[in-house]
Amino acid sequence: MDLIGYDKTWGEKVLDKKLLANHVKKDQSSLQKHRMTESFAEAVIPLGDQPELRNRYGNFQQTVRFGRLLEDLDTMAVHISYLHNKSQNIILNGRELSPIVIVTALVDRIEVKDTAIQVEKNIKLSGFTSWVGKSSSEITMKLEQELAPGIWNHVLEAKFLVCARDTSNMGSAAMNPLDIVTSEEKAIFELGERNKFIRHKETQSSLLNVPPDNVESTLIHEMFKKTIDINSGSFRSRIKPENTVWMEETLLKNVIICFPEQRNLYNKIFGGFLMRQAFELAWTNACLFSKTTIKCSVVDNISFRRPVVIGSLLFLTSEIVYTESNQIQVKVLAQTVDPKTSHKETTNDFYFKFKVPANHSIPQVWPKTYAESMMFIDGKRHW
């Protein structure tokens, strides 16, 4: 916190951030290269050693609240990025400060092992900077749980994309490049390059930019035909296929007032808090839909489009957008509303996949409108 001059009390100005503005670098030519190992960090959540923490992390199923772990992963990713860029730090009035601001831009796919995360055993987070562009970097982390003293079980791997911003968080700033030395480091970096290419390709092929492909269009039409009453001779007379639920009936919403208590280091709402709130709404929706106990298996492509300002109203809308076999895909859309002007902005998209017990059957979600068909295809793409 002290590294960026954190305002410990809301409204208090600990540091004039303009003093750091002249130290922000816009290109990497003068910045020192760092090895991946230099940013390696690990932290333990001592649930086994400190039972009092279990009230914060535990749920009613005696397992760990996954939303809390998303918060911790977000904090860890930013911490690791500051470690990687530590050579940019300066001494100002006797204090070590970072002239750049690190923010989370994207959470890439997280696949969770099909084992319960126990609330009475320690959890370890670890990670490092695995790829660096000009002003962004990929942080690769893993989460493990201690089964016995010194024996750790792998639970998940997560990749976060973070960005460097200038002191006022209004423009981009340069990150320290990576110093690639070993063949293992080269392979890790090349994987980061491939991930960047995949993200770019997915953005270009978004249904907001281009129409569905031929296979997807055929699927939409076949699903539409199954909802037509042939005897009516009309496209307007719709019937719901057997063992299905209309997508419009799966909407579940929540509204949150954004208080200073949930602010991050830069006086905006903490991204980890947003992820936890979105996840818990998605979990609730999937639980109501399936009418049984569910488990998160995948977190896919959480994007942070805009910061959420303190004092705004946060509207979270969840919807079941795709189902297959015994799994459910939930999309959560986050939008902020200025209570004074009623101006609305989309800030985040979240995708969560949940698994239902194999012996429990669920209905299939079915789109009725073209917009819902696009959401169905989008959910299928994130499968």
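The values are calculated or read from the model by the stated rules, or taken from the named source; none is laboratory data. These numbers were taken from a predicted model, which means no experiment stands behind them. Neighbour counts are summed over all protein chains in view; Cβ atoms, including those assigned to glycine, are modelled from backbone coordinates with ideal geometry. SASA here: full protein model, heavy atoms, side chains in, ligands and nucleic acids out. Shrake-Rupley method; radii C 1.70, N 1.55, O 1.52, S 1.80 Å.
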Filter result (within 16 Å of Glu261 (Cα to Cα) and either of a type in the set (Phe, Trp, Tyr) or touching a helix residue (DSSP H, G or I) at 6+ places or on another chain (Cβ under 7 Å) (or both)) within region 276-316: Arg276, Val308, Ile310
Checked Arg165, Arg95 against criteria (open to solvent by 30 Å² or more (accessible area, probe 1.4 Å), under 22 Å from the mean Cα position of the chain (by Cα) and among the basic types (Lys, Arg)); the one match is Arg165
Considering region 168-177, residues that are at pLDDT below 95 and out of contact with any Asp or Glu (no Cβ under 8 Å at 6 or more places or on another chain), and then whichever is least open to solvent (accessible area, probe 1.4 Å), we arrive at Gly171
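Out of Val132, Val112, Val155, Val162, which single residue is of a type outside the set (Phe, Trp, Tyr) and in contact with a Gly (Cβ under 9 Å, 6 or more places away or on another chain)?
Val132 is the lone residue from the list that is of a type outside the set (Phe, Trp, Tyr) and in contact with a Gly (Cβ under 9 Å, 6 or more places away or on another chain).
Go through region 212-241 and give me each residue that's part of a loop (DSSP other than H, G, I, E, B) and over 16 Å from Thr369 (Cβ atoms).
Residues of region 212-241 that are part of a loop (DSSP other than H, G, I, E, B), as a first pass: 212-213, 226-227, 229, 233-237, 239-241.
Across region 212-241, the qualifying residues are Asp213, Asp229, Gly233, Ser234.
Quick one: which residue in Ala187, Ala164 is among the small types (Gly, Ala, Ser), in a helix (DSSP H, G or I) and under 24 Å from Asn85 (Cβ atoms)?
Details: Ala164 fails: in a helix (DSSP H, G or I).
Exactly one of Ala187, Ala164 is among the small types (Gly, Ala, Ser), in a helix (DSSP H, G or I) and under 24 Å from Asn85 (Cβ atoms), namely Ala187.
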Being farther than 22 Å from Trp131 by Cβ, touching a strand residue (DSSP E or B) at 6+ places or on another chain (Cβ under 9 Å) and open to solvent by less than 20 Å² (accessible area, probe 1.4 Å): is that true of Leu73 here? no
Those strands (runs of 3 or more DSSP E) lying entirely in region 106-160 with at least 1 residues at pLDDT 95 or above and surrounded by 21 or more Cβ atoms within 10 Å (Cβ to Cβ): 123-132, 136-148
Filter region 54-70 for residues that are among the hydrophobic types (A, V, I, L, M, F, W, C) and in a helix (DSSP H, G or I); the one that is surrounded by the fewest Cβ atoms within 10 Å (Cβ to Cβ) is Phe66
So Lys226 passes all but one of these: (1) crowded, with 16+ Cβ neighbours inside 10 Å; (2) more than 35 Å from the chain's Cα centre (by Cα); (3) not hydroxyl-bearing (Ser, Thr, Tyr). Which condition number does it fail? (1)
Criterion violated by Met175 - all others in (1) under 22 Å from the mean Cα position of the chain (by Cα); (2) within 30 Å of Arg381 (Cα to Cα); (3) not in a strand (DSSP E or B) satisfied: (2)
If you check every pair at least six apart or on different chains, which have Cβ atoms under 6 Å apart with a residue in region 178-190 that is surrounded by 14 or more Cβ atoms within 10 Å (Cβ to Cβ) first and a residue that is outside any loop (DSSP other than H, G, I, E, B) and of a type in the set (Ser, Thr, Tyr) second? Ile188/Ser130
Would you point out the residue of region 204-221, among those that are open to solvent by less than 90 Å² (accessible area, probe 1.4 Å) and more than 17 Å from Val321 (Cα to Cα), that is farthest from the chain's Cα centre (by Cα)? Thr218
Scanning region 249-267 residue by residue, those touching a residue at least 60 places away in the same chain (Cβ under 8 Å), out of contact with any Leu (no Cβ under 8 Å at 6 or more places or on another chain) and open to solvent by 60 Å² or more (accessible area, probe 1.4 Å) turn out to be Leu251
Where Ala43 falls short, out of the listed (1) in contact (Cβ under 8 Å) with a residue 60 or more places away in the chain; (2) of a type outside the set (Lys, Arg); (3) open to solvent by 20 Å² or more (accessible area, probe 1.4 Å); (4) out of contact with any Leu (no Cβ under 6 Å at 6 or more places or on another chain): (4)
Pair list, Cβ < 6 Å and 6+ apart or interchain, from region 359-383 residues that are in contact (Cβ under 8 Å) with a residue 24 or more places away in the chain to residues that are open to solvent by 50 Å² or more (accessible area, probe 1.4 Å): Pro363/Asn243
